[in-house]
Amino acid sequence: DAKTTQPPSMDCAEGRAANLPCNHSTISGNEYVYWYRQIHSQGPQYIIHGLKNNETNEMASLIITEDRKSSTLILPHATLRDTAVYYCIVRVNTDKLIFGTGTRLQVFP
Amino acid sequence: EAGVAQSPRYKIIEKRQSVAFWCNPISGHATLYWYQQILGQGPKLLIQFQNNGVVDDSQLPKDRFSAERLKGVDSTLKIQPAKLEDSAVYLCASSFGQRGDNIQYFGAGTRLSVL
């Protein structure tokens, strides 16, 4: 079973920041938080991952709370092409990915 | 850099027929994965290869599903005989397998419809 809880759906206006929450209250000290997304009719795409510190790359920012029990994926300027299902996954790096049902993000004009 | 290649993209068969899917991972990736994604659900791992050896096939229905990765590069997933509940998207992914981050890269998948 997935170790994370995500809202089933969210909306965001184009150009605004999309903030996708994830709860992982049972995360272990050696487990990373990974985010993938899946655009319609495509395979999942890696976005970002982190252990303790906040992370940023060209796609998004990942904010992890100090107790590591929750995190937020931030898409700073959402576009229509960011409409997708976003999966939050916690895992030790050598473990398999266990996907939940994710959050369906709809970006509207 | 070329991504993970899968073929065919779509396949329609009748129940009890057999079907095979092909995957070519990213060059240099030692680890290869096959996932099944049923409509409305997240992908579920079926089998994981490290080079040409099986690491995890605990979720593979071995009475009807089989997979191989000869020579540690390309892989084939077969279903024989197919059932209606096998209708799904079959995704292949690969990763370096040796690096600490172990990021998996996915192909576009094969959509199977069993009638």
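The values are calculated or read from the model by the stated rules, or taken from the named source; none is laboratory data. Everything quoted here is computed from the prediction, not taken from an experiment. Because the Cβ atoms are built from the backbone with ideal geometry, glycine has one as well, and the counts that use them run over all protein chains shown.
So if I check each of B:F106, B:F21, B:F65, which one is touching a Leu at 6+ places or on another chain (Cβ under 8 Å), more than 23 Å from A:Y34 (Cα to Cα) and within 14 Å of chain A (Cβ to nearest Cβ)?
Details: B:F106 fails: more than 23 Å from A:Y34 (Cα to Cα); B:F65 fails: within 14 Å of chain A (Cβ to nearest Cβ).
Going through B:F106, B:F21, B:F65 in turn, just one is touching a Leu at 6+ places or on another chain (Cβ under 8 Å), more than 23 Å from A:Y34 (Cα to Cα) and within 14 Å of chain A (Cβ to nearest Cβ): B:F21.
Criterion first (surrounded by 14 or more Cβ atoms within 10 Å (Cβ to Cβ) and outside any strand (DSSP E or B)) does B:G3 satisfy it? I'd like the intermediate steps shown before the answer.
Values: surrounded by 14 or more Cβ atoms within 10 Å (Cβ to Cβ): yes; outside any strand (DSSP E or B): yes.
Yes, satisfied.
For residues that are polar (S, T, N, Q) and either buried (at least 17 other Cβ atoms within 10 Å of the Cβ) or under 20 Å from A:G29 (Cα atoms) (or both), tally how many sit in the range A:71-109.
Going residue by residue through the range A:71-109, those that are polar (S, T, N, Q) are A:71-72, A:79, A:83, A:93-94, A:101, A:103, A:106.
If we keep only those that are either buried (at least 17 other Cβ atoms within 10 Å of the Cβ) or under 20 Å from A:G29 (Cα atoms) (or both) too, we end up with A:71-72, A:83, A:93-94, A:103.
Residues that pass the stated criteria total 6.
Just one of the numbered conditions (1) within 22 Å of A:T101 (Cβ to Cβ); (2) within 13 Å of another protein chain (Cβ to nearest Cβ); (3) outside any loop (DSSP other than H, G, I, E, B); (4) touching a residue at least 60 places away in the same chain (Cβ under 8 Å) is not true of B:L112; which one?
The number of the failed condition is (2).
Within the bounds of the range B:78-86, is there any residue that is farther than 26 Å from A:V85 by Cα and in contact with an Asp or Glu (Cβ under 7 Å, 6 or more places away or on another chain)? Talk me through it step by step, then tell me what you get.
Step one: of the range B:78-86, the residues farther than 26 Å from A:V85 by Cα are B:78-83.
Still in the running and in contact with an Asp or Glu (Cβ under 7 Å, 6 or more places away or on another chain): B:79.
Looking for residues that are farther than 26 Å from A:V85 by Cα and in contact with an Asp or Glu (Cβ under 7 Å, 6 or more places away or on another chain), one finds at least one in the range B:78-86, hence yes.
Would you point out the residue of the range B:12-62, among those that are among the small types (G, A, S) and in a strand (DSSP E or B), that is modelled with the lowest pLDDT?
Restricting attention to the range B:12-62, the residues satisfying the condition of being among the small types (G, A, S) are B:18, B:20, B:27-28, B:30, B:40, B:42, B:53, B:58.
With in a strand (DSSP E or B) added as a condition, the list becomes B:20, B:53.
Numbers: B:A20: 98, B:G53: 91.
For the range B:12-62, the residue satisfying everything is B:G53.
Return the residues of the range A:24-66 that are touching a residue at least 40 places away in the same chain (Cβ under 8 Å) and over 30 Å from B:Q6 (Cα atoms); say none if nothing qualifies. So that I can check it myself, show each step before the final result.
Residues of the range A:24-66 that are touching a residue at least 40 places away in the same chain (Cβ under 8 Å), as a first pass: A:24-25, A:27-28, A:30-40, A:44.
Of everything in the range A:24-66, those that are touching a residue at least 40 places away in the same chain (Cβ under 8 Å) and over 30 Å from B:Q6 (Cα atoms) turn out to be A:H24, A:S25, A:I27, A:S28, A:N30, A:E31.
Among the residues of the range B:89-96, is any in contact with a strand residue (DSSP E or B) (Cβ under 8 Å, 6 or more places away or on another chain), over 15 Å from B:L45 (Cβ atoms) and in contact (Cβ under 8 Å) with a residue 12 or more places away in the chain?
At the first step, the residues of the range B:89-96 found to be in contact with a strand residue (DSSP E or B) (Cβ under 8 Å, 6 or more places away or on another chain) are B:89-96.
Checking which are over 15 Å from B:L45 (Cβ atoms) leaves us with B:96.
Now narrow it down to the ones that are in contact (Cβ under 8 Å) with a residue 12 or more places away in the chain: B:96.
Yes, some residue in the range B:89-96 is in contact with a strand residue (DSSP E or B) (Cβ under 8 Å, 6 or more places away or on another chain), over 15 Å from B:L45 (Cβ atoms) and in contact (Cβ under 8 Å) with a residue 12 or more places away in the chain.
Are any residues in the range A:71-109 small (G, A, S) and in contact with a Cys (Cβ under 9 Å, 6 or more places away or on another chain), and if so, which ones?
Going residue by residue through the range A:71-109, those that are small (G, A, S) are A:71, A:78, A:84, A:100, A:102.
Matches in the range A:71-109: A:S71, A:A78, A:G100, A:G102.
Looking only at strands (runs of 3 or more DSSP E) that fall completely inside chain A, which ones have 1 or more residues that are within 14 Å of chain B (Cβ to nearest Cβ)? Working first, answer last.
Working: elements: A:9-13, A:18-23, A:32-38, A:45-50, A:61-64, A:70-75, A:84-91, A:103-108.
In chain A, the matching strands (runs of 3 or more DSSP E) lie at A:9-13, A:18-23, A:32-38, A:45-50, A:61-64, A:84-91, A:103-108.
Can you list residue pairs whose Cβ atoms sit under 8 Å apart, with the first residue in the range B:3-17 being free of Cβ contacts under 8 Å to residues at least 24 places away in the same chain and the second being surrounded by 14 or more Cβ atoms within 10 Å (Cβ to Cβ) and hydroxyl-bearing (S, T, Y)? Count only pairs 6 or more apart in sequence or on different chains.
Listed by first residue and then by second, the contacts come to nothing, as the list is empty.
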